[in-house]
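Chemist: Got a structure for you, questions after.
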Amino acid sequence: MSKRFLRPPGARDERHFQASCIRCNKCLVICPYRSVRTGTLFDGFTNMGTPIIDPRRVPCYLCMKCPPVCPSGALDATLTDKRDVRMGIAVIDKKTCYAWQGTLCRSCYEICPLFDEAIAMDDALRPVIDEKKCVGCGMCENVCPADPSAIIVKPKGEK
Amino acid sequence: MKLPLMRRIAQTAFLCLLVAIPILNEREISFITGTLYSMSIGPVDITDPLSGMQVIMLTLSATRALVVSMLIPILITFVLGRTFCSWLCPQNLFSEISDILSRKVLRQRRALVPPTPIPRWGILALVIVGSLVLGFPLASLISAPGIISLQISTAVFEGTVGLETGLVAFILLAEFFVLRRFWCKYVCGVGTVLGFFRCGKTLKVTFREDHERKCIRCGACSRACQFDLDPVKGKLYPLCHNCGDCIAACAKSTNGKNPLQLRF
């Protein structure tokens, strides 16, 4: 199996998504933040032309404009609430996270669109992710001051 | 106005539209969005039947929106034949220009293979099998009109073009130097699928003589045909895409009393 990518909100599971995305570019065109890029051969043969989100470049801001424009059902057009999005789950690398290493940092906590829900601060002021709430938008990965990012969104289905 | 000129204007205008759509979308004028895989005009969605058909085969399900959006091109094709290919498709426009240049420069005229729809049916079957094996709509990667419009869109939005553009370049070079018009004639899956949607009443090139309109056996029609078909002999479909070049040639030879006409 080739590398998995973060897909726009509402994307079906990767196998179903691959089968039903007709590479029409409508989700990319509608995205006001240019979060979506077009997959190329370097992303794998079966990903050519498909929409990919690289959160470190631009995350998904959950405006929810793309699911309804998808003509082929690759994105679930009925999805309207950003809380129901499941693009992936953020994972913190405690070895490189500033807060977990003792420096005060609340970047991911502050930016999270599900504020104080998907990312909470524990008693020692370290960010902790609630896997049931996290939608995988990647805003945390985008703002993390560590380089490379200490918080990374694992796309849905990736082990 | 003469048929070939009207067609060239339609083709050019459509290509301009394909360039204008992403440029306008980028400025947030989004009445029309999308590419030739799927396009939205206001609230109306239009999806390429080949792409839609593959999604249905691969997922064994279809959203109602997808099926409805496929119906529009299917209905147009039922009425007008494969006029998308001849009057709108950007690949056909490029191939025609390449063919005109090739004839001027290399003076090559004939195709190497006689016209037959069997290669294109075989290729479509291969593409479908390939899609089922690979698990994604393979036809999207070899749909020349889709690639052209998608690459225009990515060029506008991301400032790059993908490697798929190489396929279009390959087609044009191969047609220029070796196999005249081979893509539209033998390969293109979009055209093959559109070719399935016809009935007795579909617009077609018809040879009908009467006391006014007599065939003078000049052969201008088959010389004008880019797919080397012979309209007098008939058996034009599914290869013929109603471009009307044979009719214009016939009208010229017979001073407007052409026995060849487009009829329903």
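The values are calculated or read from the model by the stated rules, or taken from the named source; none is laboratory data. What you are looking at is a predicted structure, and each value in this text was computed from that prediction instead of being measured. Cβ coordinates were reconstructed from backbone atoms using ideal geometry, including for glycine residues, and neighbour counts include every protein chain displayed.
Chemist: Can you give me the number of residues within the range B:34-44 that are crowded, with 16+ Cβ neighbours inside 10 Å and more than 21 Å from the chain's Cα centre (by Cα)? It would help to see each step written out before you state the result.
Modeler: Restricting attention to the range B:34-44, the residues satisfying the condition of being crowded, with 16+ Cβ neighbours inside 10 Å are B:34-40.
Filter again for more than 21 Å from the chain's Cα centre (by Cα), leaving none.
Final tally of qualifying residues: 0.
Chemist: Follow-up. Does B:F170 satisfy being farther than 20 Å from B:L5 by Cβ, without any contact (Cβ under 8 Å) to a residue 40 or more places away in the chain and assigned by TED's automatic domain parsing to the domain that holds B:T83? Break it down stepwise before answering.
Modeler: On the way: farther than 20 Å from B:L5 by Cβ: yes; without any contact (Cβ under 8 Å) to a residue 40 or more places away in the chain: yes; assigned by TED's automatic domain parsing to the domain that holds B:T83: yes.
It is true that B:F170 is farther than 20 Å from B:L5 by Cβ, without any contact (Cβ under 8 Å) to a residue 40 or more places away in the chain and assigned by TED's automatic domain parsing to the domain that holds B:T83.
Chemist: Is there a residue in the range B:246-259 that is assigned to a loop (DSSP other than H, G, I, E, B) and under 20 Å from B:P117 (Cα atoms)? Write out each step before concluding.
Modeler: Quick first cut of the range B:246-259, residues assigned to a loop (DSSP other than H, G, I, E, B) only: B:254-259.
In the following step, the residues that additionally are under 20 Å from B:P117 (Cα atoms) were identified as none.
No, that holds for no residue.
Chemist: Regarding B:I76, is this residue under 15 Å from the mean Cα position of the chain (by Cα) and at pLDDT 90 or above? Outline the logic, then answer.
Modeler: Numbers: under 15 Å from the mean Cα position of the chain (by Cα): yes; at pLDDT 90 or above: yes.
Judged against the criteria, B:I76 is a match.
Chemist: Something else now. What residue, of B:T192, B:T206, is over 30 Å from A:N47 (Cα atoms) and at pLDDT 85 or above?
Modeler: Working: B:T192 fails: over 30 Å from A:N47 (Cα atoms).
From the options B:T192, B:T206, the qualifying one is B:T206.
Each row is one residue, and each column tells you yes or no for (1) within 16 Å of the chain's Cα centre (by Cα); (2) buried (at least 21 other Cβ atoms within 10 Å of the Cβ); (3) not basic (K, R).
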{"residue": "B:I118", "(1), (2), (3)": "no, no, yes"}
{"residue": "B:L126", "(1), (2), (3)": "no, no, yes"}
{"residue": "B:L134", "(1), (2), (3)": "no, no, yes"}
{"residue": "B:S140", "(1), (2), (3)": "yes, yes, yes"}
{"residue": "B:P145", "(1), (2), (3)": "yes, yes, yes"}
{"residue": "B:L150", "(1), (2), (3)": "no, yes, yes"}
{"residue": "B:T154", "(1), (2), (3)": "no, yes, yes"}
{"residue": "B:E158", "(1), (2), (3)": "no, no, yes"}
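Chemist: Is it the case that B:L36 is assigned by TED's automatic domain parsing to the domain that holds B:T160 and in contact (Cβ under 8 Å) with a residue 60 or more places away in the chain? Full working, then the answer.
Modeler: Numbers: assigned by TED's automatic domain parsing to the domain that holds B:T160: no; in contact (Cβ under 8 Å) with a residue 60 or more places away in the chain: yes.
Answer is no for this residue.
Chemist: Oh, and also: Out of curiosity, is B:R213 in the same structural domain as B:S140 (by TED's automatic domain parsing), farther than 30 Å from B:P22 by Cα and either modelled with pLDDT of 90 or more or not aromatic (F, W, Y) (or both)? I'd like the intermediate steps shown before the answer.
Modeler: Details: in the same structural domain as B:S140 (by TED's automatic domain parsing): no; farther than 30 Å from B:P22 by Cα: yes; either modelled with pLDDT of 90 or more or not aromatic (F, W, Y) (or both): yes.
No: the conditions fail for B:R213.
Chemist: Oh, and also: Of B:T202, B:T154, B:T192, which residue is among the β-branched types (V, I, T), outside any loop (DSSP other than H, G, I, E, B) and in contact (Cβ under 8 Å) with a residue 24 or more places away in the chain? Show your work before the answer.
Modeler: Working: B:T202 fails: outside any loop (DSSP other than H, G, I, E, B); B:T154 fails: in contact (Cβ under 8 Å) with a residue 24 or more places away in the chain.
Going through B:T202, B:T154, B:T192 in turn, just one is among the β-branched types (V, I, T), outside any loop (DSSP other than H, G, I, E, B) and in contact (Cβ under 8 Å) with a residue 24 or more places away in the chain: B:T192.
Chemist: Can you tell me how many residues in the range B:189-235 are in contact with a helix residue (DSSP H, G or I) (Cβ under 9 Å, 6 or more places away or on another chain) and closer than 27 Å to B:L36 by Cα?
Modeler: Summing the residues that are in contact with a helix residue (DSSP H, G or I) (Cβ under 9 Å, 6 or more places away or on another chain) and closer than 27 Å to B:L36 by Cα in the range B:189-235 gives 18.
Chemist: Are any residues in the range B:1-31 at the interface with another protein chain (Cβ under 9 Å from one of its Cβ atoms), surrounded by fewer than 19 Cβ atoms within 10 Å (Cβ to Cβ) and assigned to a helix (DSSP H, G or I), and if so, which ones? Break it down into steps so the answer makes sense when it comes.
Modeler: Taking the range B:1-31 as the starting set, the residues that turn out to be at the interface with another protein chain (Cβ under 9 Å from one of its Cβ atoms) are B:21-22, B:25-26, B:28, B:30.
Now restrict to residues that are surrounded by fewer than 19 Cβ atoms within 10 Å (Cβ to Cβ): B:26, B:28, B:30.
Result: B:E26, single match.
Chemist: Another question, then. Restricting to the range B:1-38, give me the number of residues that are of a type in the set (A, V, I, L, M) and touching a helix residue (DSSP H, G or I) at 6+ places or on another chain (Cβ under 8 Å).
Modeler: First, pick out the residues of the range B:1-38 that are of a type in the set (A, V, I, L, M): B:1, B:3, B:5-6, B:9-10, B:13, B:15, B:17-21, B:23-24, B:29, B:32, B:36.
Cutting the leftovers down to touching a helix residue (DSSP H, G or I) at 6+ places or on another chain (Cβ under 8 Å) gives us B:3, B:10, B:15, B:18-19, B:21, B:23, B:32, B:36.
Number of matching residues: 9.
Chemist: Now a separate question. Working only within the range B:196-248, note down all residues that are out of contact with any Leu (no Cβ under 7 Å at 6 or more places or on another chain), at positive phi and surrounded by 14 or more Cβ atoms within 10 Å (Cβ to Cβ).
Modeler: B:D228, the sole residue that qualifies.
Chemist: Identify the residue in the range A:90-115 that is aliphatic (A, V, I, L, M) and within 18 Å of A:P148 (Cβ to Cβ) and, among all such residues, is surrounded by the most Cβ atoms within 10 Å (Cβ to Cβ). Please lay out each step first, then the result.
Modeler: Start the filter on the range A:90-115 by keeping residues that are aliphatic (A, V, I, L, M), which leaves A:90-92, A:99, A:104, A:111, A:114.
Subsequent filtering for residues that are within 18 Å of A:P148 (Cβ to Cβ) retains A:90-92, A:99, A:111.
Values: A:A90: 27, A:V91: 16, A:I92: 21, A:A99: 22, A:I111: 17.
The qualifying residue surrounded by the most Cβ atoms within 10 Å (Cβ to Cβ) is A:A90.
Chemist: Test B:R103 against the criterion of being free of Cβ contacts under 8 Å to residues at least 40 places away in the same chain and basic (K, R), and give yes or no.
Modeler: So B:R103 passes the test.
Chemist: Which of the following residues is over 17 Å from B:N92 (Cβ atoms) and either within 12 Å of chain A (Cβ to nearest Cβ) or within 17 Å of the chain's Cα centre (by Cα) (or both): B:F196, B:F182? Write out each step before concluding.
Modeler: Values: B:F182 fails: over 17 Å from B:N92 (Cβ atoms).
On inspection, the qualifying residue turns out to be B:F196.
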